[in-house]
Amino acid sequence: MDTRPIGIFDSGVGGLTAVKALMAAAPWESFVYLGDTANAPYGDRTPAEIRGFSRQNTGFLRAQGVKALLVACNTSNANAMDQMLSDNPDMPVLGVIEPAAAAAAAATKTGRVGVLATHATVASGAYERAVRALMPEALVTAVACPKLVPLVESGRTDPADGELMAAAAEYAAPLKAAGADTVILGCTHYPIIEAAIRAALGPGIALIDSGAASVGALLQALAARDALGDKEKTGGRRFFCSAGLERFVKTGSAFLGWDIGPRTELAAL
Ligand code: DGL
């Protein structure tokens, strides 16, 4: 047993989609969450910048005494995973891309898989590689969606929001044209606007939540090291953001369905 917390990070509130899934699957696990809101969005940054932020975030979480790292940011995962693995050889470092690709390969019936993600994730080609490693015949169509993260970060998640729906429709169109039967939400912010994306894609398409998909792999990695927490207790929950505390608390609380304010602090990174 290991009751130390799991360290989880994203550029903002997106990684809370992984937190929600972790709390449902393993409520006994403690976690420390960091949203690097001062530098969000990561999706339009260069790989070198993303690698710098990723190192800063894992360093911050390590200083909180974590037992494992969950990179709940596809963009960091796609651009800095090699560095995070070599920086942290003493603990499990899990990402979201491989579990999401595995879930998509299991879900698709036609082999036509769509990916909605940030510019930097699409440019890396990480999803094409991950899906085709499992399913070489798959046809992967990846679409960069730069308008979505700023909308989510500003709390505009209601499918009745015209600007949000117009953006979702724009990004859904190439996936519909490609005949995708399965779409990976390849940015952890997107499940927060799942209703808008679902409405834009139309019925009958399987959506894969990359943050949620990662939780099974994380718990397996901990179990393999005999490092799960104390199942008799409820785990501790701490949140940090690097800017815009009030907005982070508001959007995060609305998504998780409980007030994270008393457990959230501003991080000096
Ligand atoms: N939520 C992130 C991801 O999964 C980062 C989005 C961004 O900051 O652009 O890619």
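Here are some notes:
- Here is how the number arises for the chain: DSSP H runs of 4 or more residues each give -39500 (n - 2.57), the sum is divided by the residue count, and the result at 222 nm is -14000 deg cm²/dmol.
- Alpha-carbon centroids, the range 27-48 and the range 209-269: separation in whole Å: 11 Å
- The range 1-74: chymotrypsin sites (Phe, Trp or Tyr not before Pro) falling in loop per DSSP and having at most 16 other Cβ within 10 Å: TRP28
- Principal-axis tilt of helix 16-25 within the chain, Cα atoms, nearest 10 degrees: 70 degrees
- Dipole magnitude for the range 82-196: about 400 debye, using +1 per Lys or Arg Cβ and -1 per Asp or Glu Cβ, origin at the Cα centre.
- Gyration tensor verdict on the range 142-269 (Cα atoms; rounded if a/c is under 1.5, prolate if a/b is larger than b/c, oblate otherwise): oblate
- The angle between the Cα long axis of helix 97-107 and the longest principal axis of the Cα atoms of the chain comes to about 50 degrees, rounded to the nearest 10.
- Separation of alpha-carbon centers, the range 54-118 and the range 136-170, rounded to whole Å: 21 Å
- Positive end of the dipole of the chain (Cβ unit charges, origin at the Cα centre): among GLN83, PHE248, LEU269, the Cα lying farthest that way belongs to GLN83.
- Charging the Cβ of each Asp and Glu at -1 and of each Lys and Arg at +1, and nothing else, the dipole of the chain about its Cα centre rounds to 140 debye.
- Three-way shape call for the chain based on the alpha-carbon gyration tensor, with the a/c threshold at 1.5: prolate
- Ordering ASP209, ASP259, ASP2 from the fewest to the most neighbouring beta carbons within 10 Å gives ASP259, ASP2, ASP209.
Readers should treat all values here as calculations from the given coordinates under stated rules, not as data from a laboratory. Here the structure is a predicted model, which means the values were calculated and not measured. In this analysis, Cβ positions are derived from the backbone assuming ideal geometry, glycine residues included, and neighbour counts consider all displayed protein chains.
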